[in-house]
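Notes follow once the structure below has been shown.
The values are calculated or read from the model by the stated rules, or taken from the named source; none is laboratory data. Every value quoted in this text rests on a predicted model; they were computed, and no experiment measured them. For neighbour counting, all protein chains shown are included, and Cβ atoms are generated from backbone atoms with ideal geometry for every residue, glycine included. Surface areas here come from the heavy atoms of the whole protein model, side chains and all, with no ligands, DNA or RNA. Shrake-Rupley method; radii C 1.70, N 1.55, O 1.52, S 1.80 Å.
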Amino acid sequence: MTTRQAVPHPLPLRRALSLLCAVLATLLPAVAAAQTPPLVSVNTNRVDGRAEFDVRAEAYARTDIARAWKVLTAYDRLAEFVPNLQSSRELPFPDAAPNEHLVEQHGYGKFLFIRQPIDLVLRVQEQPSSAIDMSLQSGNMRKYHARWELEPRDVAGGPGVLLRYTGLIAPDFYVPGLFGGVLMRRDLTAMLEAVVREMEKPADAAPPPLQSEK
């Protein structure tokens, strides 16, 4: 006669499901924040036969507001991580109002097989830790108005920041009408992803080594 071994009584199904739901409720917000790509919309208008782009974008960064603000306002460092931006530097601005800056940027846009230089001098007005407004002073744009907004959005697992970017961009050079909106959306998505990556770097991450001039 064989003896049946006692088997531990399984956790009641209802209780097991309750525990699983509780765990998922804790983990999912952080996972969703990590995996959600930027939301980017581009509306193309024709004004006097030339393209204008009304752009809106949102992205989420797993960082605190101080770090996010530091990244966006490090004007002399933006070219280190923003795609297609070759240089960015703050210019002397003797008559600047409080929280106002003058920033010169040089970059390029890719339109199919065309590589178009983009040169801008922007007047930047800051609302500390909440918003940054940029307006065109000079350059090869007919119109350029852009705005960053930052909003704390903590989730389970740590602090977070919701980034909003809006702008009206009207190049003073040829942009393919059929593909302009698609190309603008691609470049904005890449910019938002790069900014978020920079914000989410560990605070003690070493800066990239300086390249020696040849």
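What to note about this one:
- Close pairs (7 angstrom Cβ cut-off, 6 or more residues apart or separate chains): in contact (Cβ under 8 Å) with a residue 24 or more places away in the chain in the stretch 34-55, open to solvent by 20 Å² or more (accessible area, probe 1.4 Å) and assigned to a loop (DSSP other than H, G, I, E, B) anywhere: Ala34/Arg62; Ala51/Gly177
- Taking residues in the stretch 77-90 that are surrounded by 17 or more Cβ atoms within 10 Å (Cβ to Cβ), and partners anywhere that are aromatic (Phe, Trp, Tyr), the pairs with Cβ atoms closer than 6 Å and at least 6 places apart or on different chains are Ser88/Tyr75.
- The residues of the stretch 142-181 that are surrounded by fewer than 17 Cβ atoms within 10 Å (Cβ to Cβ), hydrophobic (A, V, I, L, M, F, W, C), closer than 19 Å to Arg115 by Cβ and in contact (Cβ under 8 Å) with a residue 12 or more places away in the chain, listed by number, are Phe173, Phe179.
- When Arg185, Arg123 are screened for being out of contact with any helix residue (DSSP H, G or I) (no Cβ under 6 Å at 6 or more places or on another chain), over 18 Å from Val40 (Cα atoms) and either of a type in the set (Gly, Ala, Ser) or open to solvent by 30 Å² or more (accessible area, probe 1.4 Å) (or both), only Arg123 passes.
- Hey, Ser135 under 16 Å from Trp69 (Cβ atoms), free of Cβ contacts under 8 Å to residues at least 60 places away in the same chain and open to solvent by less than 60 Å² (accessible area, probe 1.4 Å) or not: no
- Of all residues in the stretch 91-113, those that are part of a strand (DSSP E or B) and touching a residue at least 60 places away in the same chain (Cβ under 8 Å) total 3.
- Residues satisfying the criterion are absent from the stretch 53-67 (criterion: more than 19 Å from the chain's Cα centre (by Cα) and surrounded by 14 or more Cβ atoms within 10 Å (Cβ to Cβ)).
- Subset of the stretch 141-180 [of a type in the set (Val, Ile, Thr) and either at positive phi or assigned to a strand (DSSP E or B) (or both)]: Val155, Val161, Thr166, Ile169
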